[in-house]
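J.: Attaching a single structure in C-alpha cells format; questions to follow.
The values are calculated or read from the model by the stated rules, or taken from the named source; none is laboratory data. Since we're looking at a predicted model, the values are computed, not measured. In this analysis, Cβ positions are derived from the backbone assuming ideal geometry, glycine residues included, and neighbour counts consider all displayed protein chains.
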Amino acid sequence: MRKNCLVIGAGFGGIASALRLRRLGYNVTIVDKNPHLGGRAQVYKRGEFKFDAGPTVLTAPFLIDDLFSLFNKDRRDYIEFLKVKPWYRFVFNDKSIFDYKETIDGTLDEISKISSKDVVGYRRLIEFSEKIFNKGFLELSTISFHSFGLMIKQLPALLFLRSYLSVYSFVSSFLKNEKLKRAFSIHPLLVGGNPFSTTSIYCLIHYLERKYGIWFPKGGTGSLVSSLGQLMNEVGINIILSTEVDSLEFNGNKIIAANLSNSKTINTDLVVSNCDPPYFYSKLVPNHLNKKWNKKRVEKMSYSMGLFVWYFSTNKKYNNVEHHTIVMGKTFKKVLNEIYNKKILSDDLSLYLHRPSATDKEFDPEGKDSFYVLAPVPNNDSGINWNEKGEEVRLQVQKQLENSLLPGLEKNLIESFFVTPDTFKNQFNSLKGAGFSVAPKLTQSAWFRFHNKSEDIKNLYFCGAGTHPGAGVPGVLSSAKVVEKLVPKVIEENSLETEKVFKKNSLTFSLASKLFNKYEKKGITNLYKILRTLDDYADNGDEDKRGLEEVVTAFRENNHNPILDDFFDLKAKYDLDLNHFKDFIETLIKEDNQCIKNDKDLSDYCYGVAGTIGCLLSPIIGVRNTKAKHFAINLGIAMQITNIVRDVYEDAQRNRIYIPSSYFKDIPTCSEILSTDHIASDIINAKKLLIKRAEYHYKVAWKGLKYMPFKNRIIIAWAGLMYREIGCIILKDQNKFYKKRAVVTTGKKLALIVPAIFKAFIS
C-alpha cells in the first residue's frame, strides 16, 4: 500500500522535497500558511507592479532542472533562465565602482583597476575555492550529518581546507586591497552569515558562481515558483495553502496525523518540515518528546541577522543601475559587529539593490522601474520596535540611495512598502525574526546544525535553511536531496513476480522486451502490470468488476487509488498521454456490453484495448514525434485482431464474441462455438478476413518505425512480426488451432530477427 507524506512549508526546500518524495512513490500533501507557494519567495502585487519578495540570485540552476528531470520533463518548457551581466556591481563609499563579471578575464580587468597587485591573488582564491567547492558542495552538501562519526571523518579534510578561518580571514589571505576584501567577503550575507564569523567553507560560493553562472528566471522568482507549482499539479501532489498545521498527533514517538487550521485532519506516514526547526520543535513537538532540541538549547543558538526590505517603484527608468547592486557603507567590520553582536541599528548601512528590469526587459511597465532594497539589521533579540523604527529606517535608506544611485528618487516614487524582522517572525514563523534561521558558523554547521532526520521523532525529517547544508536556494534544494536519501523506500511489488506475470500472459513481448535498456524495461513492465491488472478486473467476474469500477470512479472524480497512483507515477516520469489511459479504462468498463457489428466497431474496440497501449508505450521507448501515434495505434489494432483470431474459442468460454456480426450470414452463439470440436466454415472465413485486415494494419505500422531510436525499431518490428506469425500459423490449419492456442516456436522467433533488422534499416 502506498505511503502518505505530509510536507509542512512550501518554500523551495519543501517544494523540492515534495517532488522528490512523489517521485519515490509517496502520496504527497504540502501545506503552507501563506496564500501562495514559495515560502519566503512570495510575490507582492501593488498596482501595475509585482515585487519578488524572496531570493533573487539564482545559482546552480541544474538543481532546478533536476526537479523537472525527475519526471522526464524539461525545465525549459516551463520557464526560461536569463543570464545576469554583470553578476554584481559594488558601489563603494567614495563612489568608485567594481563590477564582478561573468568571465574571469573581465573580473581580472576590474580588479586591476582597483589593485593590480591582487590579480594573481584572485586567481589563487578561485583555485582554492574550487577545492572547497569539490569537498563542501559536490561531496558534503547532500550527505546527512546525523552521525557524529561521519563528522569526525571529515575533520582532516575540513582542516586542510582552512574551515577554521572566517570568510573574511580566508579572502584576506589572498587579497590585500580592502575594497576587494569586502567585495569578495559578502557571500555569507546572502545566506545569513557574518563574514567575520562564518566558516570559510562558504567560500565555495565563489567557485559555484564561476562554474554555473548567475541567472534570473524570466518573469521573476515568483514565475519560477509558479512553474514548480504547475509541475506539482501535473504529478499529483496535493497542495493546501492559507492553512497552518495547528498540532500533530503522535503514537509513541511517531507522527500519525496533522490537525490543520481549516479543521481538517491529515493522516500521514511521515512528515517533512520545511519550516524553521526552532519553531517546529517549540510549537509542534510535545515537551516529553523534545529531548535533543529543547527550548533552552534552541534559545542559546546564534541566529542570522534580520532583514529590512523596502519595495518601491518609480515612474522613470534608472538604466545606470545594474541588476544586483551592492552599496557599501563607510565601515564593514564595525557595522557587522553592531548588527550581529551588539544588536543595534547602525547609521552606516550597506545595501543590496535589486533591479530586475536590468536583465528582464519585460518585467516592468514601459518607462518605469521596480526595485527592492535589502538592509541587514539586527534580529529581534535587539528589542527594536519596528512599528516605530520602520519608517525611520526606510527614510534613511531612501536618502542613501538618492545620494548615490537614484537621484530624484523621492519625487519619482509610485509604490512603496517595507517588511521588517517582525514580518519574518509572523509570516514565516522564523524564531527571533531571523532572515535565514540559525547562523552558518562552524559550530552550527553539518553535525552541529539541526539534523535532516529528527533524533527524537521516528518519522520526522527536515529540509530548508535551518538544517544541513544551510540557507540559499542551492542549500535548501540540496537539503531535499538529503531527505530523499533518508526516508524509507516505498515498498514495491516483487519485480520477479511482475516479470512472471509478464511472461505468463505475453511471452512474445516479454522476449522482445529483454532487449530494451533498464530504464525502458522498467517502464514497460510497470505499465504492463497496471494494464494487465485492469484487464483482469474486466475479465474475472463481478467482484473484480467492482475493482475496475472503483478505479474508473476514482479516475473520474480525481481521487486516490493504488492503481491510479502507480499510473500517475509512470505518467509523470515518461510524460504519458492521460487521454489514452482514459480511453483504455472506458473501453474495459463497457466490454460486457460490447457489440461489434462491423469493421468500424472492431477498429474502435481494438483501439480502446490495444491501440491505446501502443500510444502509452511510445514515450517509454523513446518516441517523441507526435506523428508516430497513428502508427502505434495501427500496430496495437493489428496485434489485437491477431488475438481475436487466436482466441475465438477462449473468448466464447467467457461468453464473448469479438468477430464483427457483419462477417456472418447466421451469427453463431457462444454455445454453438463451444459445442463442436471442429471449426465451422463461416468462422474459418471470418478468421481469414480478420487476418487480412490485421495484415493491412501491420503494413501501416511498419511505416512508423522511423520515428523511434534505431535499436528499438528492431525490437518493435521483431515483436510485431512474432505476433503476425500467429495469424500465419492459424491460416495453415485452422482446425488444429481451434481449441489449441497457436504458438510461435522459439526457432521461428529467432529466425524473425533478420526481417526485423531489415525493416529497421529500410524504415
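J.: For the structure I just gave you, tell me whether Phe90 is over 30 Å from Pro365 (Cβ atoms), touching a helix residue (DSSP H, G or I) at 6+ places or on another chain (Cβ under 6 Å), not basic (Lys, Arg) and not assigned by TED's automatic domain parsing to the domain that holds Phe568. Working first, answer last.
T.: Working: over 30 Å from Pro365 (Cβ atoms): no; touching a helix residue (DSSP H, G or I) at 6+ places or on another chain (Cβ under 6 Å): yes; not basic (Lys, Arg): yes; not assigned by TED's automatic domain parsing to the domain that holds Phe568: yes.
Considered against the rule, which asks whether it is over 30 Å from Pro365 (Cβ atoms), touching a helix residue (DSSP H, G or I) at 6+ places or on another chain (Cβ under 6 Å), not basic (Lys, Arg) and not assigned by TED's automatic domain parsing to the domain that holds Phe568, Phe90 comes out as no.
J.: Kindly indicate whether any position in region 276-285 is more than 25 Å from Ala446 (Cβ to Cβ), assigned to a helix (DSSP H, G or I) and at pLDDT below 95. Outline the logic, then answer.
T.: So the first thing to find is which residues in region 276-285 are more than 25 Å from Ala446 (Cβ to Cβ), and the list is 283.
Subset that is assigned to a helix (DSSP H, G or I): 283.
Of the ones still in play, those that are also at pLDDT below 95 are 283.
Yes, there is a match, as at least one residue in region 276-285 is more than 25 Å from Ala446 (Cβ to Cβ), assigned to a helix (DSSP H, G or I) and at pLDDT below 95.
Each row is one residue, and each column tells you yes or no for (1) of a type outside the set (A, V, I, L, M); (2) outside any helix (DSSP H, G or I).
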position	(1), (2)
Asp666	yes, yes
Ile683	no, no
Val700	no, no
Lys711	yes, no
Met722	no, no
Ile729	no, no
Gln734	yes, yes
Ile757	no, no
Ala760	no, no
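J.: How many residues are outside any loop (DSSP other than H, G, I, E, B) and touching a Cys at 6+ places or on another chain (Cβ under 6 Å) when one looks only at region 1-23?
T.: In the first step, residues of region 1-23 are kept if they are outside any loop (DSSP other than H, G, I, E, B); the result is 4-8, 12-23.
In the following step, the residues that additionally are touching a Cys at 6+ places or on another chain (Cβ under 6 Å) were identified as 8, 13, 17, 21.
Here the count works out to 4.
J.: For residues that are of a type in the set (D, E, K, R) and not in a helix (DSSP H, G or I), scanning just region 154-179, find the one that is modelled with the lowest pLDDT. Steps first, answer last, please.
T.: Going residue by residue through region 154-179, those that are of a type in the set (D, E, K, R) are 162, 176, 178-179.
After this cut, where a residue has to be not in a helix (DSSP H, G or I) as well, the list is 162, 176.
Details: Arg162: 83, Lys176: 95.
This residue is Arg162.
J.: Touching a Lys or Arg at 6+ places or on another chain (Cβ under 7 Å) and of a type in the set (Val, Ile, Thr): which single residue out of Thr243, Thr265 fits that description? I'd like the intermediate steps shown before the answer.
T.: Numbers: Thr265 fails: touching a Lys or Arg at 6+ places or on another chain (Cβ under 7 Å).
The unique qualifying residue is Thr243.
J.: Further, regarding this structure: Listed residues Leu602, Leu578, Leu617, Leu548; which is surrounded by 22 or more Cβ atoms within 10 Å (Cβ to Cβ) and either in the same structural domain as Arg23 (by TED's automatic domain parsing) or under 25 Å from the mean Cα position of the chain (by Cα) (or both)?
T.: Numbers: Leu602 fails: either in the same structural domain as Arg23 (by TED's automatic domain parsing) or under 25 Å from the mean Cα position of the chain (by Cα) (or both); Leu578 fails: surrounded by 22 or more Cβ atoms within 10 Å (Cβ to Cβ); Leu548 fails: either in the same structural domain as Arg23 (by TED's automatic domain parsing) or under 25 Å from the mean Cα position of the chain (by Cα) (or both).
Answer to the check: Leu617.
J.: Sticking with this one: Can you tell me which residue in region 163-196 is surrounded by the most Cβ atoms within 10 Å (Cβ to Cβ), limited to those that are over 34 Å from the mean Cα position of the chain (by Cα) and more than 17 Å from Tyr122 (Cβ to Cβ)?
T.: Ser166
J.: Moving on to the next point. Output the residues belonging to region 324-338 that are more than 30 Å from Asp360 (Cβ to Cβ) and part of a loop (DSSP other than H, G, I, E, B). Outline the logic, then answer.
T.: Kept after step one, since they are more than 30 Å from Asp360 (Cβ to Cβ), are these residues of region 324-338: 330-338.
Of everything in region 324-338, those that are more than 30 Å from Asp360 (Cβ to Cβ) and part of a loop (DSSP other than H, G, I, E, B) turn out to be Lys330, Thr331, Phe332.
J.: Residues that are among the small types (Gly, Ala, Ser) and within 22 Å of Pro440 (Cβ to Cβ): does region 312-328 have at least one?
T.: Keep residues of region 312-328 that are among the small types (Gly, Ala, Ser), which gives 313.
Okay, now just the ones that are also within 22 Å of Pro440 (Cβ to Cβ), so none.
No, every residue in region 312-328 fails to be among the small types (Gly, Ala, Ser) and within 22 Å of Pro440 (Cβ to Cβ).
J.: If a residue must be in contact with a helix residue (DSSP H, G or I) (Cβ under 6 Å, 6 or more places away or on another chain) and closer than 19 Å to Ala60 by Cα, how many such residues does region 185-207 contain?
T.: Start the filter on region 185-207 by keeping residues that are in contact with a helix residue (DSSP H, G or I) (Cβ under 6 Å, 6 or more places away or on another chain), which leaves 185, 187-188, 194-196, 198-207.
From what's left, closer than 19 Å to Ala60 by Cα: 187-188, 201-207.
Going through region 185-207 one residue at a time, the tally reaches 9.
J.: Checking the conditions here, which among Ile691, Ile641, Ile633, Ile667 is at pLDDT below 90 and either in the same structural domain as Asp535 (by TED's automatic domain parsing) or more than 52 Å from the chain's Cα centre (by Cα) (or both)? Steps first, answer last, please.
T.: Numbers: Ile691 fails: at pLDDT below 90; Ile641 fails: at pLDDT below 90; Ile633 fails: at pLDDT below 90.
Among Ile691, Ile641, Ile633, Ile667, only Ile667 is at pLDDT below 90 and either in the same structural domain as Asp535 (by TED's automatic domain parsing) or more than 52 Å from the chain's Cα centre (by Cα) (or both).
Residue-by-condition table, conditions (1) in contact with a strand residue (DSSP E or B) (Cβ under 7 Å, 6 or more places away or on another chain); (2) surrounded by 24 or more Cβ atoms within 10 Å (Cβ to Cβ):
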| site | (1), (2) |
| --- | --- |
| Ser445 | yes, yes |
| Lys458 | yes, no |
| Ala471 | no, yes |
| Gly475 | no, yes |
| Ala480 | no, yes |
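J.: Taking Asn259 as the residue in question, decide whether it is without any contact (Cβ under 8 Å) to a residue 40 or more places away in the chain and either among the aromatic types (Phe, Trp, Tyr) or outside any strand (DSSP E or B) (or both). Step through it out loud before you land on a result.
T.: Working: without any contact (Cβ under 8 Å) to a residue 40 or more places away in the chain: yes; either among the aromatic types (Phe, Trp, Tyr) or outside any strand (DSSP E or B) (or both): no.
No, not satisfied.
J.: Here's something else I'd like to know. Based on what the data block shows, is Lys481 in the same structural domain as Tyr281 (by TED's automatic domain parsing), out of contact with any Gly (no Cβ under 9 Å at 6 or more places or on another chain) and modelled with pLDDT of 75 or more? Give the steps one after another, and end with the answer.
T.: Values: in the same structural domain as Tyr281 (by TED's automatic domain parsing): yes; out of contact with any Gly (no Cβ under 9 Å at 6 or more places or on another chain): yes; modelled with pLDDT of 75 or more: yes.
Judged against the criteria, Lys481 is a match.
J.: Mind checking which pairs have a first residue in region 181-197 that is in the same structural domain as Leu353 (by TED's automatic domain parsing) and a second that is in a loop (DSSP other than H, G, I, E, B), Cβ under 7 Å, 6 or more apart or different chains?
T.: Note: no pairs meet the criteria.
J.: From the set of residues in region 52-107 that are within 18 Å of Arg210 (Cα to Cα) and among the basic types (Lys, Arg), which is surrounded by the fewest Cβ atoms within 10 Å (Cβ to Cβ)?
T.: Lys83
J.: Mind listing whichever residues of region 209-221 are assigned to a helix (DSSP H, G or I) and surrounded by 22 or more Cβ atoms within 10 Å (Cβ to Cβ)? Let's see the steps before the verdict.
T.: Filtering region 209-221 down to residues assigned to a helix (DSSP H, G or I) leaves 209-212, 221.
Selection gives Thr221 alone.
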